[in-house]
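Here is the structure we will look at.
The values are calculated or read from the model by the stated rules, or taken from the named source; none is laboratory data. The model shown is predicted, which means the values in this text are computed figures rather than measured ones. Counting neighbours? That spans all protein chains shown, and the Cβs are built from the backbone with ideal geometry, glycine included. Surface accessibility is based on the protein's heavy atoms, side chains included, excluding ligands, DNA and RNA. Shrake-Rupley method; radii C 1.70, N 1.55, O 1.52, S 1.80 Å.
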Amino acid sequence: TGLSRPQRILKAVQKNATKGNPESVIAAIDHYCRHSEWAMNVGDEKGLILDSVVTEVNPSTALELGTYCGYSTVRIARLLSPGTKLITLEFNPDYAAIARQIIAYAGLQDKVILVEGPSGDLIPKMKQQHGIKSFDFVFLDHWKDRYVPDTKLLEECGLLRKGSVLLADNVICPGTPEYLKYVRNDPRYESRYFKSNLEYTKVEDGLEKSVFLG
Ligand SMILES: Nc1ncnc2c1ncn2CCOCCNC(=O)c1cc(-c2ccc(F)cc2)cc(O)c1O
Ligand SMILES: [Mg+2]
């Protein structure tokens, strides 16, 4: 049945972007997904909010849950200071294989550690496998019903510290009502909603930024 959607996205990057230029990789994916076929990247509109939060936090350690094709991985990694790492977790090996190629095309492979597997199994291994004490920044963009259990897991594993920032995609569409209740009602979190639109559409969506108060 031909190429998969992620394979078609990779082809669009190889055709239209410049090797080693993350901005051109981001632009190529956005152009393809806006004009050829929709895909579940965080996109250009929510991407600007992601950029501003990453720039504000300037994390030394960052975690992304849900890599897909690596679009937000490239957006985050391109903003990291030298010597800092982004760990991104992807469940689907086919997505992971495409993401590795897109991250490498952007020239960001030295800033990114892509780990394949379910977040619930991998999060408890972060300290011993990657020498992580805690995460300064976490981008949640995986299965929407994993946002709450994985946030609790990050807390229980001591991977959040006072001031750690969680940024969650899709809190309106597809929606993560349980997660919004959790971070908005728990006094240990200071939460704020950034209204935007679902990638490449006029449908409302947004990002929830939550600071862990310890
Ligand atoms: N390491 C891991 N551990 C556990 N699970 C993992 C994992 N890695 C991946 N997964 C699971 C799947 O990840 C993809 C999750 N993302 C989405 O489903 C998503 C869907 C839409 C969407 C779709 C259809 C509409 F009509 C409207 C909106 C938009 C988005 O922006 C989305 O992000
Ligand atoms: Mg998303």
Subset of region 195-214, residues away from ligand 1 (no atom under 14 Å from the Cβ), in a strand (DSSP E or B) and in contact (Cβ under 8 Å) with a residue 24 or more places away in the chain, comes to LYS209, SER210, VAL211, PHE212
Quick check on region 19-50: of everything there that is surrounded by fewer than 18 Cβ atoms within 10 Å (Cβ to Cβ) and not in a loop (DSSP other than H, G, I, E, B), which residue is nearest to ligand 2 (Cβ to nearest atom)?
GLU45
Looking at ILE98, is it open to solvent by 20 Å² or more (accessible area, probe 1.4 Å) and within 16 Å of ligand 1 (Cβ to nearest atom)?
no
Applying the selection to region 59-95, what residues are away from ligand 1 (no atom under 13 Å from the Cβ), in contact (Cβ under 8 Å) with a residue 60 or more places away in the chain and open to solvent by 40 Å² or more (accessible area, probe 1.4 Å)?
SER60
In this structure, does PHE135 turn out to be open to solvent by 20 Å² or more (accessible area, probe 1.4 Å), of a type in the set (Phe, Trp, Tyr) and in contact with a strand residue (DSSP E or B) (Cβ under 9 Å, 6 or more places away or on another chain)?
no
Which listed residue is in contact with an Asp or Glu (Cβ under 9 Å, 6 or more places away or on another chain) and small (Gly, Ala, Ser), from ALA96, ALA104:
ALA96
